[in-house]
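Participant: Below is the structure I would like to discuss, written out as structure tokens.
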Amino acid sequence: MRFLALFTRNFKETYRDLLALVFLLGFPLIFMLLMGLAFGGETTPTFPVGVVDQDKTPVSQAFVSEALAEVKALEISSYDDPQETLKDLKLGDLKAYIIIPQGFGNQVYQNWQGMATNITLNITYDESDIMVTEQVVSIIGATTRSFAKIEVPIMLNSSPIHIETKITYIDFIGPGIIIFGLLILIPNSARAMVGDKEKGFLARLQTTPVRPSEFILGYSLSFVVVAIVQIIIFVVLARLFGMDIVGSPWLALLVFFFTSLCCIGIGMIVSSLTKTVNQAEGFCWFISMPLAMLSGCWFSIELMPSYLRSIAYAFPFAHAIDASRGILTRGVGLGEVSTDVYWLIGWAVVSFAAGIILFRRSMAR
Amino acid sequence: MSRQDSNSLAVQTFKLTKHFNGLVAVAGIDLEIKKGELFSLLGPNGAGKTTTINMLCCLLKPTSGTAQVMGYDLGKEPFRIKELIGVAPQDIAISEHLNCWENLSLIGKIHGMGAADVSKKSRELLEIVGLLERAKDQVRKFSGGMKRRLSLIMALIHDPQILFLDEPSLGLDPQARRTVWEYIKSLKVKKTILLTTHYMEEADSLSDRIAIIDEGKIVALGTSEELKSRATEKQTMIILAENLNPGVIESLRSKYPVVEQRNEEVLISAKNLNFKEITDYLYSQDITIHSATLKQPTLEDVFIQITGKELRE
């Protein structure tokens, strides 16, 4: 088992290199802590939002009083006249207002009956405050989705609507930050192999009978261990900062695990294409930062132009964020996130295969 | 070549050539290294020694030509070759955060050795190169010389049939160099060894045969004695004497093609120089001779004579 000998060596190199270890676990840890402190717990920002209910059905009323009112980040006040809300928005008393159009209740009801129907809500917001707008729109979107998915008895009037999720900002940002933490596996895993290449150690190993697949396996396995440790730390931290785990935590861990395999695979590809640690790191940050942004680690990508979203969904990370947000905040099951999971598995397989092929090519120049 | 001949060869190259972006590094080398032979490639930096070795241990693909190592073709069966060879690269290639045992065990296990075997052989090798006492320390704390010694024995842990040693004593202090040389000598006959060096003493004292390599070509090949005897066609005598006068120098110049005078030293070069004839002549002129030596040719002289260049800049 040559790859096991290589794995043991690479793992020792990783955990004995204190500085690298600090970077590996410390960087995402600090990021997580800062995000948690900034947006978690009691300091959740609240946004004043006005609501005009033109639907006036029991469903729309429940939506306002049970769903929206329960969101800590929103401070809901009801209006009758849209002109009034617009005035308050202009005065700065409101950050946004929602007009629930006629038919909303019916649309939601159809969803409850298992018929997927588009739901329309009109949101008007103050676009001068981009960050707030972005968050408010995301939160309202997420709340609506979660509301529409809930199964209720058919006799709506007689039973109280129980809303399981109270979406806070940390619920929204948590999965994104975890994926971001995993993204930095790309530079870290690339660095390990390129470092050996730069110092000539890889050349020595290449004069031994180790096969390309054993190289890739030996190098990546040690980072799989690192990834598992990272995932556990991230999830525990996010939980401590108030992130709710509504769905199956195992399913979420599985999504994070496949995400980390994609990152390690991409790292292996980069290390086959570069010659020095500096080159590899530059290359990796160059791809992982835009990917983090494009995939929606920090904000929802729903407002992006559709061509950008198409690009985002070509990569695995937007899928990972969608799937983990769905599982963690809305409690969806494997069935609903299967497409996202297939994308992740596909990317993991393809990137590892490409890593092996590129490594074989670089072996005999 | 008959079949028996090729069975006795460890390495055989056929017009082995390597270009890097149009630059010729190795220009069609034909070499035959016998089993059990210690063969040296001697040449200045950039002559193509490392490129040649890297092709033979399957790290680089030849641009054209090929080679056989223990009967296996480079391009066709590289992994069969890799099982049989041990390589100590010119760059010290060790794993910095591992200790000596772990470094040796990595290479041993890659070659399929059992734990007990690895540990027994490791102890033996660490003892020989004087690293046993520090064997449990992470090697990043080691001096350059210690690292190189470890790098050398990592090529030996799996008892390879052929050893490729690329500048094995580079950066070692004289004492460590002697230890390494002694050890390499003790391996002779048991193993086939190809070493590259730009130290002529190293090539001279260790090798069965030496190939002098320059600008990617083999410019001379033979035993150390054979190579030096080429240089002895032209001998040099160095005389240290008092009261040398211009008349004596003039008459020496009339007899020998090269006569140089630096203060009290005279240097005379010619084919078949007669030591006694010169000293007798100087005595007859009442010159007091302090010393007179016939300079022994070195591989450096051979190199200069063939290439017109110094081995070391």
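The values are calculated or read from the model by the stated rules, or taken from the named source; none is laboratory data. Computed from a predicted structure; not experimentally measured. Every residue, glycine as well, gets a Cβ built from its backbone with ideal geometry; the counts of neighbours run over all protein chains shown.
Participant: It is to be established whether one or more residues within segment A:187-195 are surrounded by fewer than 20 Cβ atoms within 10 Å (Cβ to Cβ) and either under 22 Å from B:Ser95 (Cα atoms) or within 14 Å of chain B (Cβ to nearest Cβ) (or both).
Facilitator: yes
Participant: Which of the residues that make up segment B:262-292 are under 28 Å from B:Arg230 (Cβ atoms), polar (S, T, N, Q) and at pLDDT below 85?
Facilitator: Those that are under 28 Å from B:Arg230 (Cβ atoms), polar (S, T, N, Q) and at pLDDT below 85: B:Ser269, B:Asn272, B:Asn274.
Participant: Taking the condition polar (S, T, N, Q), in contact (Cβ under 8 Å) with a residue 24 or more places away in the chain, under 30 Å from B:Thr63 (Cβ atoms) and not assigned by TED's automatic domain parsing to the domain that holds B:Lys15, does B:Thr288 pass?
Facilitator: Details: polar (S, T, N, Q): yes; in contact (Cβ under 8 Å) with a residue 24 or more places away in the chain: yes; under 30 Å from B:Thr63 (Cβ atoms): no; not assigned by TED's automatic domain parsing to the domain that holds B:Lys15: yes.
No: the conditions fail for B:Thr288.
Participant: Mind listing just one residue for me: the one in segment A:196-210 that is assigned to a loop (DSSP other than H, G, I, E, B) and at pLDDT 90 or above and, of those, surrounded by the fewest Cβ atoms within 10 Å (Cβ to Cβ)? Full working, then the answer.
Facilitator: So in segment A:196-210, the residues assigned to a loop (DSSP other than H, G, I, E, B) come out as A:200, A:207-210.
Among the residues that remain, those that are also at pLDDT 90 or above are: A:207-210.
On the way: A:Thr207: 25, A:Thr208: 19, A:Pro209: 21, A:Val210: 21.
The extreme case among them is A:Thr208.
Participant: Whether any residue in segment A:33-41 is assigned to a loop (DSSP other than H, G, I, E, B) and within 25 Å of the chain's Cα centre (by Cα) is what I want to check.
Facilitator: Quick first cut of segment A:33-41, residues assigned to a loop (DSSP other than H, G, I, E, B) only: A:40.
So of that shortlist, the ones also within 25 Å of the chain's Cα centre (by Cα) come out as A:40.
For segment A:33-41, residues assigned to a loop (DSSP other than H, G, I, E, B) and within 25 Å of the chain's Cα centre (by Cα): present.
Participant: Of these, B:Leu152, B:Leu126, B:Leu131, which one is buried (at least 19 other Cβ atoms within 10 Å of the Cβ) and within 13 Å of another protein chain (Cβ to nearest Cβ)?
Facilitator: Details: B:Leu126 fails: within 13 Å of another protein chain (Cβ to nearest Cβ); B:Leu131 fails: within 13 Å of another protein chain (Cβ to nearest Cβ).
Of B:Leu152, B:Leu126, B:Leu131, the one residue that is buried (at least 19 other Cβ atoms within 10 Å of the Cβ) and within 13 Å of another protein chain (Cβ to nearest Cβ) is B:Leu152.
Participant: Okay, moving on. Within 30 Å of A:Ile179 (Cβ to Cβ) and in a loop (DSSP other than H, G, I, E, B): which single residue out of A:Ile98, A:Ile119, A:Ile123 fits that description? I'd like the intermediate steps shown before the answer.
Facilitator: Working: A:Ile98 fails: in a loop (DSSP other than H, G, I, E, B); A:Ile123 fails: in a loop (DSSP other than H, G, I, E, B).
Result of the check over A:Ile98, A:Ile119, A:Ile123: A:Ile119.
Participant: Checking B:Ile212 against (1) in contact with a strand residue (DSSP E or B) (Cβ under 8 Å, 6 or more places away or on another chain); (2) part of a helix (DSSP H, G or I), which single condition isn't satisfied?
Facilitator: (2)
Participant: Identify all residues within segment B:39-53 that are surrounded by fewer than 24 Cβ atoms within 10 Å (Cβ to Cβ) and assigned to a strand (DSSP E or B); write none if there are none.
Facilitator: B:Phe39
Participant: Now, a different point. Does B:Val139 satisfy the criteria of being within 14 Å of another protein chain (Cβ to nearest Cβ), modelled with pLDDT of 90 or more, over 30 Å from B:Asn7 (Cα atoms) and touching a Gly at 6+ places or on another chain (Cβ under 7 Å)?
Facilitator: Numbers: within 14 Å of another protein chain (Cβ to nearest Cβ): yes; modelled with pLDDT of 90 or more: yes; over 30 Å from B:Asn7 (Cα atoms): yes; touching a Gly at 6+ places or on another chain (Cβ under 7 Å): no.
Against the criterion (within 14 Å of another protein chain (Cβ to nearest Cβ), modelled with pLDDT of 90 or more, over 30 Å from B:Asn7 (Cα atoms) and touching a Gly at 6+ places or on another chain (Cβ under 7 Å)), B:Val139 does not qualify.
Participant: Name the helices (runs of 4 or more DSSP H) wholly within segment A:258-363 that hold at least 1 residues that are touching a Lys or Arg at 6+ places or on another chain (Cβ under 6 Å) and free of Cβ contacts under 8 Å to residues at least 40 places away in the same chain?
Facilitator: Details: elements: A:277-295, A:306-314, A:316-325, A:334-363.
Qualifying helices (runs of 4 or more DSSP H): none found.
Participant: Could you tell me which of the residues A:Ile233, A:Ile167, A:Ile150 is of a type in the set (A, V, I, L, M, F, W, C), in contact with a Phe, Trp or Tyr (Cβ under 8 Å, 6 or more places away or on another chain) and modelled with pLDDT under 90? Give the derivation first.
Facilitator: On the way: A:Ile233 fails: in contact with a Phe, Trp or Tyr (Cβ under 8 Å, 6 or more places away or on another chain); A:Ile167 fails: in contact with a Phe, Trp or Tyr (Cβ under 8 Å, 6 or more places away or on another chain).
None of the others qualify; the one that does is A:Ile150.
Participant: Another question, then. Could you tell me which residue of segment B:19-29 is nearest to B:Val87 (Cα to Cα), considering only residues that are in contact (Cβ under 8 Å) with a residue 40 or more places away in the chain and surrounded by fewer than 24 Cβ atoms within 10 Å (Cβ to Cβ)?
Facilitator: Start the filter on segment B:19-29 by keeping residues that are in contact (Cβ under 8 Å) with a residue 40 or more places away in the chain, which leaves B:19, B:24-29.
Applying the additional criterion that residues be surrounded by fewer than 24 Cβ atoms within 10 Å (Cβ to Cβ) yields B:19, B:24-25, B:27-28.
Numbers: B:His19: 23, B:Val24: 24, B:Ala25: 20, B:Ala27: 23, B:Gly28: 23 Å.
Here the residue is B:Ala25.
Rundown of residues vs (1) at the interface with chain A (Cβ under 7 Å from one of its Cβ atoms); (2) crowded, with 20+ Cβ neighbours inside 10 Å; (3) part of a helix (DSSP H, G or I); (4) among the acidic types (Asp, Glu), yes/no style:
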| site | (1), (2), (3), (4) |
| --- | --- |
| B:Met55 | no, yes, yes, no |
| B:Pro62 | no, yes, no, no |
| B:Ala67 | no, yes, no, no |
| B:Lys76 | no, no, no, no |
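Here's the yes/no breakdown for (1) within 14 Å of chain B (Cβ to nearest Cβ); (2) out of contact with any Cys (no Cβ under 6 Å at 6 or more places or on another chain); (3) over 30 Å from A:Arg330 (Cβ atoms):
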residue: A:Arg9; (1), (2), (3): yes, yes, yes
residue: A:Ala20; (1), (2), (3): yes, yes, yes
residue: A:Val49; (1), (2), (3): no, yes, no
residue: A:Thr57; (1), (2), (3): no, yes, no
residue: A:Ala73; (1), (2), (3): no, yes, no
residue: A:Asp81; (1), (2), (3): no, yes, yes
residue: A:Asp88; (1), (2), (3): no, yes, yes
residue: A:Ile98; (1), (2), (3): no, yes, no
residue: A:Gln107; (1), (2), (3): no, yes, no
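Participant: Here is a further query. Return the residues of segment A:73-98 that are surrounded by 16 or more Cβ atoms within 10 Å (Cβ to Cβ) and under 22 Å from A:Phe172 (Cβ atoms); say none if nothing qualifies.
Facilitator: Passing the criteria: A:Ala73, A:Leu74, A:Ile76, A:Leu94, A:Lys95, A:Ala96, A:Tyr97, A:Ile98.
Participant: Related question: So for segment B:168-175 (the condition being in contact with a Gly (Cβ under 9 Å, 6 or more places away or on another chain), among the aliphatic types (A, V, I, L, M) and over 26 Å from B:Glu202 (Cβ atoms)), does at least one residue qualify?
Facilitator: No, that holds for no residue.
Participant: Cβ-Cβ under 6 Å, sequence separation 6+ or interchain: first residue in segment B:235-247 and more than 11 Å from B:Ile289 (Cβ to Cβ), partner crowded, with 18+ Cβ neighbours inside 10 Å and of a type in the set (A, V, I, L, M). Which pairs?
Facilitator: B:Met237/B:Ile268
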